[in-house]
There are 2 protein chains.
Amino acid sequence: MSDEQNKDKQIHRRDVLKWGAVAGAAVAVGASGLGGLAPLFKPAATASKQSEDKNEQIVPFYGKHQAGITTAHQTYVYFAALDVTSSDKADVISLFRNWTSLTQLLTSGATLSGEQKNKYMPPQDTGESQDLAPANLTVTFGFGPGFFEKDGKDGKDRFGLKDKKPKHLADLPAMPNDNLDKKQGGGDISVQVCADNEQTAFHAMRNLIKQSIGVCEVRYLNKGFLSGGKNGETPRNLFGFKDGTGNQSTKDENLMNSIVWVQSGEPDWMTGGTYMAYRKIKMFLEIWDRSSLKDQEDTFGRIKSSGAPFGQKKETDPVKLNQIPADSHVSVAKSTGRQILRRAFSYTDGIDPKTGYVDAGLLFISFQKDPDRQFVPMLKALSAKDALNEYTQTIGSALFACPGGCKKGEYIAQRLLES
Amino acid sequence: MSDEQNKDKQIHRRDVLKWGAVAGAAVAVGASGLGGLAPLFKPAATASKQSEDKNEQIVPFYGKHQAGITTAHQTYVYFAALDVTSSDKADVISLFRNWTSLTQLLTSGATLSGEQKNKYMPPQDTGESQDLAPANLTVTFGFGPGFFEKDGKDGKDRFGLKDKKPKHLADLPAMPNDNLDKKQGGGDISVQVCADNEQTAFHAMRNLIKQSIGVCEVRYLNKGFLSGGKNGETPRNLFGFKDGTGNQSTKDENLMNSIVWVQSGEPDWMTGGTYMAYRKIKMFLEIWDRSSLKDQEDTFGRIKSSGAPFGQKKETDPVKLNQIPADSHVSVAKSTGRQILRRAFSYTDGIDPKTGYVDAGLLFISFQKDPDRQFVPMLKALSAKDALNEYTQTIGSALFACPGGCKKGEYIAQRLLES
Ligand code: HEM
Ligand code: HEM
């Protein structure tokens, strides 16, 4: 045995004890059909010292809720929607089994790679994250309306799951100023991967997509970033404004229960779950950058540099509706009296050939327990009178139902797919 | 004066003393035609404690050489090529003056923003990096052949600078297996922005592009990432192999003088400069991921997991040409006996409609003092017999001449543009 192999073995042995959960998951991978390859995996190297580096941190996988929803902000996202091409529910079940195992491994800082005995087989893991720390990696799965009913409402009950379709799961209503590209919206399954390092996030997304070959095809794949300030300041979006201020604290369980988490009144598998609204919104940077500071601030009703609402001093001071323009984004959103949990990222996509300026915008993502009562009214109000509309255009739109979390031995969406 | 304004003023006063260089640059911005706006800027907040966080670090701007060439690896890149649309050399001079001031400000952790008196003017700075640390930000400028001679060799001497054209600056020769997209290669001016945070890098690129409006148009804009391991391991590319192992130490000045830095034999402005080769190379991930570990390792002549050359133990052990396949990438590159400094990044670009798999590859960037003797022979050898060609295809190609660095009071490329 070479030194190389020997070292792998040692890490393996020592860490199997430490990483019981990981080892369990690795066996599950072996058992659930990746076949042919030994259920090997490479656990995260044991950190020799406690590190405060964000890159070293692990977000727990198991729990009542999926991670990546009320998880503290992460800097990078890969967001994909997939369409199921298989008509066999068993394929979907084995995909979610494999996805669960892989997600559990990767988010705990392990990978599928390690000592590979048969060099004539492709590696299980693509390898580019082998030396990387988990970087707060999370993966969040959801189901679009088409997963339950193919080809629109009252369409085909493709997997016999129509009676388990969540109450509020339907395509978002079209807004008059939308300019939707069908291939940038919709989808049967959503996969949101977040991490504090792009390569870590990409690696997870790539290997999840790899596992889906033959069962799904990828409809779209986007990526984004959003950096918080060095002293914990709220991140700024590409209009230079702090984004997320109006969110309620994700640490307040009661608030999250009232805004985000489904508790009852939905099919059982949605308990502890939520709905994810997705909008890909182009932001016209070249028009924005030529607008006066006054116009920019009037658009939001907040001071650009501090983030404070007009008439107030600090970012976190309460918004006074009578002090901010009635058509400002914040006024219109707030006046609906509804609440959602926003978790957006900026995207950039080279040069817009039309303007010669950067093609960029927001991957708007929000979570809410009842999109019909929370998100849709807000969308309608904003669409009708938001001053921000002058500088933006929505090109992609989707709604997904995210199942609750799972505990050891279960897989994500098990209560939907089996029972 | 509000608290808000007062606080800005204080930072301003205290930091003008501390940030002499920054203040100088800010004045230069005022003087060089951004006009109308007071030469205000917002210096980086004084760090209250020394931080080892990579995000907090500053790469010095002034020096014999431009930064971003032998600078230690940074995780994110934005890379743009611009074409000059103005025919007036004075425009180019004032662009490089402004670019130098802005680059000096941003790389030192300051921004152009701050207290803005006239709210009826657009902000000078787009604002999204206001709270971010410098994150080792660097900007590296270069000139393509078309900057000297418009419309190909022996073309128009557009700025009267033809006699200052570097000796080896010409389009790279076409390789038989290239599949070049003209709009993804070439360009009069290259701008490479690197940082350990994407938002910091994007902010710099966006504001540099903003300054170029009316003088240049953007030909292409790409972005990439490449993460080193958590214990300082060499970063891995999207084929899962360590990338950069064969590079000579950038800390060895003699080696860098022999490989990278022009010392003589070139127009004066190239002293301390270098040539940058750029290749946008698609990597066929879906074919790669289906290839056996053996095929993958044979392609490079190195062990995937450790990075060690065949027949050796450690990544850094010397390559023995008789132990690795003759058509392996490393064998072919090494057998040329030439050396270059590679500084590549991975890119991902959504889904490739042809394969349904991730569209991705390498933004290959290398620096060398004589592309004709160093880079081109390697390119030809690799193009003829590299086993890697089965898995890759070059879609963009360019060569740029990067001027030497500048000292306080000068601007980048001054010795080229004036004298
Ligand atoms: C490119 C598109 C958008 C941009 C740039 C944007 C930006 C902002 C900014 C800067 C704020 C103020 C700070 C904060 O509270 O986070 C804000 C608030 C808010 N936005 Fe947006 N937003 C966009 C789209 C949307 C959409 C599509 C919705 C929902 C349909 C939405 C809902 C909200 C809500 C609910 C608030 C908080 C209002 C309050 O203070 O209660 N935004 N947005
Ligand atoms: C997608 C394209 C490419 C990939 C994935 C790739 C990857 C690699 C890898 C994994 C290595 C071995 C580790 C190392 O020394 O860094 C390597 C070495 C090297 N590559 Fe590439 N490379 C690519 C394109 C190129 C191109 C276009 C050139 C130059 C024309 C080049 C020149 C070299 C050189 C000089 C070495 C070092 C050989 C030695 O050990 O002396 N590579 N490359």
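The values are calculated or read from the model by the stated rules, or taken from the named source; none is laboratory data. Keep in mind the model is a prediction, meaning the values are calculated, not measured. Cβ coordinates were reconstructed from backbone atoms using ideal geometry, including for glycine residues, and neighbour counts include every protein chain displayed. Just so you know, the surface numbers come from the protein's heavy atoms only, side chains and all, with ligands and any DNA or RNA stripped out. Shrake-Rupley method; radii C 1.70, N 1.55, O 1.52, S 1.80 Å.
Brief remarks on what is shown
- Residue tally, condition open to solvent by less than 20 Å² (accessible area, probe 1.4 Å) and either at positive phi or among the basic types (K, R) (or both), over segment A:187-225: 2
- Pairs where the first residue, in segment B:390-419, is within 15 Å of B:S94 (Cβ to Cβ) and the second is in a strand (DSSP E or B) and modelled with pLDDT of 95 or more, C-beta under 7 Å, 6+ apart: B:I412/B:F141; B:A413/B:F141
- The set of residues in segment A:359-374 being open to solvent by 10 Å² or more (accessible area, probe 1.4 Å) and either touching a residue at least 40 places away in the same chain (Cβ under 8 Å) or under 16 Å from A:R236 (Cβ atoms) (or both) consists of A:D359, A:L362, A:F364, A:K369, A:D370, A:D372, A:Q374.
- When segment B:116-151 is limited to residues that are within 20 Å of the chain's Cα centre (by Cα) and in a loop (DSSP other than H, G, I, E, B), the one that is nearest to the other protein chains (Cβ to nearest Cβ) turns out to be B:A133.
Residues are listed down the side, and each one gets a yes or a no for (1) modelled with pLDDT under 95; (2) hydroxyl-bearing (S, T, Y); (3) open to solvent by 30 Å² or more (accessible area, probe 1.4 Å):
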| residue | (1), (2), (3) |
| --- | --- |
| B:S227 | no, yes, no |
| B:R236 | no, no, no |
| B:G240 | no, no, no |
| B:E253 | no, no, yes |
| B:G272 | no, no, no |
| B:M276 | no, no, no |
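- Checklist (1) without any contact (Cβ under 8 Å) to a residue 40 or more places away in the chain; (2) acidic (D, E); (3) away from ligand 2 (no atom under 13 Å from the Cβ) applied to B:E297, failing item: (3)
- You will find that of A:G224, A:G228, the residue that is touching a residue at least 12 places away in the same chain (Cβ under 8 Å), assigned to a strand (DSSP E or B) and not polar (S, T, N, Q) is A:G224 and no other.
- Checking each residue in segment A:270-287 for being assigned to a helix (DSSP H, G or I) and touching a strand residue (DSSP E or B) at 6+ places or on another chain (Cβ under 9 Å) picks out A:M270, A:L285, A:E286.
- Subset of segment B:175-214 that is of a type in the set (V, I, T) and touching a residue at least 24 places away in the same chain (Cβ under 8 Å) - its residue that is farthest from the other protein chains (Cβ to nearest Cβ): B:I189
- Residue match in segment A:110-129 (condition: out of contact with any helix residue (DSSP H, G or I) (no Cβ under 8 Å at 6 or more places or on another chain), farther than 22 Å from A:E217 by Cβ and open to solvent by less than 40 Å² (accessible area, probe 1.4 Å)): yes
- Residue, least open to solvent (accessible area, probe 1.4 Å), within segment B:278-300, restricted to residues that are farther than 29 Å from B:G185 by Cβ and more than 8 Å from chain A (Cβ to nearest Cβ): B:D298
- Taken over segment B:230-277, the criterion of being within 12 Å of another protein chain (Cβ to nearest Cβ) and within 14 Å of ligand 2 (Cβ to nearest atom) is satisfied by B:E233, B:T234, B:P235, B:R236, B:N237, B:L238, B:F239, B:G240, B:F241, B:K242, B:D243.
- Annotation: of all residues in segment B:339-353 being open to solvent by 30 Å² or more (accessible area, probe 1.4 Å) and over 18 Å from B:A381 (Cβ atoms), the one that is farthest from ligand 1 (Cβ to nearest atom) is B:P353.
- A:T392 being away from ligand 2 (no atom under 16 Å from the Cβ) and either within 14 Å of chain B (Cβ to nearest Cβ) or over 25 Å from the mean Cα position of the chain (by Cα) (or both): no
- Only residues that are within 12 Å of chain A (Cβ to nearest Cβ) and in a loop (DSSP other than H, G, I, E, B) were counted across segment B:341-363, and they come to 5.
- Looking only at segment A:390-413, residues that are assigned to a helix (DSSP H, G or I) and open to solvent by less than 50 Å² (accessible area, probe 1.4 Å) come to 1 in all.
- Segment A:154-171 - residue that is on the phi < 0 side of the Ramachandran plot and out of contact with any helix residue (DSSP H, G or I) (no Cβ under 7 Å at 6 or more places or on another chain) and, of those, surrounded by the fewest Cβ atoms within 10 Å (Cβ to Cβ): A:D163
- Looking at B:D154, B:D163, just one residue is among the acidic types (D, E) and part of a loop (DSSP other than H, G, I, E, B), and that residue is B:D154.
- Here A:F364 fulfils each of the conditions (1) under 17 Å from the mean Cα position of the chain (by Cα); (2) farther than 30 Å from B:I209 by Cα apart from (2).
- Positions within segment A:166-208 being in a strand (DSSP E or B) and within 25 Å of A:S264 (Cα to Cα), in sequence order: A:I189, A:S190, A:V191, A:Q192
- Residue that is least open to solvent (accessible area, probe 1.4 Å), among those in segment B:321-338 that are farther than 19 Å from B:G307 by Cβ and near ligand 2 (Cβ under 10 Å from one of its atoms): B:T336
- Checklist (1) within 14 Å of another protein chain (Cβ to nearest Cβ); (2) under 29 Å from the mean Cα position of the chain (by Cα) applied to B:K313, failing item: (2)
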